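Participant: I have a structure I would like to understand better, so I am pasting it below and will then ask my questions one at a time.
The values are calculated or read from the model by the stated rules, or taken from the named source; none is laboratory data. Note that the coordinates shown come from a computational prediction; the quantities given were computed from them, not determined experimentally. Ideal geometry is used to build each Cβ from the backbone, glycine not excepted, and the neighbour counts take in all protein chains shown. For accessibility, only protein heavy atoms count, side chains too; no ligands or nucleic acids. Shrake-Rupley method; radii C 1.70, N 1.55, O 1.52, S 1.80 Å.
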Amino acid sequence: MAVTLALLPTPLVQAPRLAAALGVTSLLVKRDDLTGFAVAGNKARQLAPIVADAQAQHADVLVTGGTPGSNFVQAASAAAAWGGLRCVLVLAGDPVPLTSHPNLAAAAAWGAEVRFTGDADRASVDAQLPVTAAALREQGFSPYVVPRGGASATGADAYRVAVDELLEQLQGRRPVVVIACGAGGTLAGLIAGNVAHGRPLRIVGASVSRPVEDVQVLDLARQVAALRGEPAPRADDVELVDARGPGHGLASAAGDAAACLALRAEGLVLDPVYTAKALAVLPAAVGDQAALFWHTGGLLDAVAGFMGEDR
Ligand SMILES: Cc1ncc(COP(=O)(O)O)c(C=O)c1O
């Protein structure tokens, strides 16, 4: 049996008060905020095969990165510690105190070493990851590089498997699925899984960090399908809506309103960067169809959001 970090299956629950508040016919919530490893949310699924692959390749350092407040780097730090690997994080921008964001503080608490690119552009991380890995190799270490967000086929495959889990829980129901999309690994896996099952679901990715035309999800979904020898997704299997609002990492008024409804109607905690923006686009995306909101976590980002606002 494959090693998992997440406690699976995650619950699938009805959210009738939130459905009424949002004006949708019915609403299910897939609780991947409750994956139960660190504060990893959706990333707990992806990090298990990533750490297993690093171990299989006899790596001793996980090298990855993102923004200083990234949920993924927090989750990756915990997964590396769990797997007995050193963790080096490459973060965009100038150095900030480790206490400047709960995710960064948690990553440090799990023992990650932090480096900054000096450039706020997230692409600076992508450029720096191989450089950092090469320097570690020169020092005699064996690094394993994980792209931002864990968006590799190895990681995304965990969400291919999550489709099996969801379809079993749905017992024939066919809601429209709405999920936040950042680097795209999560959505890519879901698309590959949906295609493998003969396309029973409509899946809408709420792109929160880049314009929809820049989301590289089809190629990754095809890589996942190829790994398993399953049918290749087509371009029309990818459905994305722009949910960025004012931009990546910036709260939106619509997202804040949706998060407030979720909190007060169902006690669901949404973060301003991913999940709140995804829920905000759900009513328009599903119309009069039954809806399923795939909650991907982001708890520490939500806490950061609460601290920054006078609620
Ligand atoms: C809370 C949360 N939801 C959704 C996502 C999007 O996942 P992906 O990067 O696989 O698209 C992330 C990514 O970091 C996240 O932290």
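Participant: Does Gly305 meet the test of being crowded, with 16+ Cβ neighbours inside 10 Å, in a loop (DSSP other than H, G, I, E, B) and either within 15 Å of the ligand (Cβ to nearest atom) or not hydroxyl-bearing (Ser, Thr, Tyr) (or both)?
Facilitator: Spelling it out, it is not the case that Gly305 is crowded, with 16+ Cβ neighbours inside 10 Å, in a loop (DSSP other than H, G, I, E, B) and either within 15 Å of the ligand (Cβ to nearest atom) or not hydroxyl-bearing (Ser, Thr, Tyr) (or both).
Participant: Tell me which residues, restricted to the stretch 229-254, are farther than 26 Å from Ala120 by Cα, out of contact with any Leu (no Cβ under 6 Å at 6 or more places or on another chain) and assigned to a loop (DSSP other than H, G, I, E, B).
Facilitator: The answer is Gly229, Glu230, Pro231, Ala232, Pro233, Arg234.
Participant: Separate question: Please pick out the residue among Ala278, Ala254, Ala262 that is more than 17 Å from the chain's Cα centre (by Cα), of a type in the set (A, V, I, L, M, F, W, C) and within 29 Å of His197 (Cβ to Cβ).
Facilitator: Selected residue: Ala262, the only one of Ala278, Ala254, Ala262 that is more than 17 Å from the chain's Cα centre (by Cα), of a type in the set (A, V, I, L, M, F, W, C) and within 29 Å of His197 (Cβ to Cβ).
Participant: Further question on the same structure: Report yes if Gly249 is in contact with a Pro (Cβ under 8 Å, 6 or more places away or on another chain), open to solvent by less than 60 Å² (accessible area, probe 1.4 Å), of a type outside the set (D, E, K, R) and within 29 Å of Arg17 (Cα to Cα), otherwise no.
Facilitator: Taking the combined requirement at face value, the residue does not satisfy it.
Participant: Okay, moving on. For the stretch 268-285, name all the residues that are open to solvent by 50 Å² or more (accessible area, probe 1.4 Å) and either over 19 Å from Gly205 (Cβ atoms) or in contact with a Gly (Cβ under 7 Å, 6 or more places away or on another chain) (or both).
Facilitator: Selection gives Tyr274 alone.
Participant: In the set Asp164, Asp236, Asp256, which member is free of Cβ contacts under 8 Å to residues at least 12 places away in the same chain, away from the ligand (no atom under 14 Å from the Cβ) and acidic (Asp, Glu)?
Facilitator: Exactly one of Asp164, Asp236, Asp256 is free of Cβ contacts under 8 Å to residues at least 12 places away in the same chain, away from the ligand (no atom under 14 Å from the Cβ) and acidic (Asp, Glu), namely Asp236.
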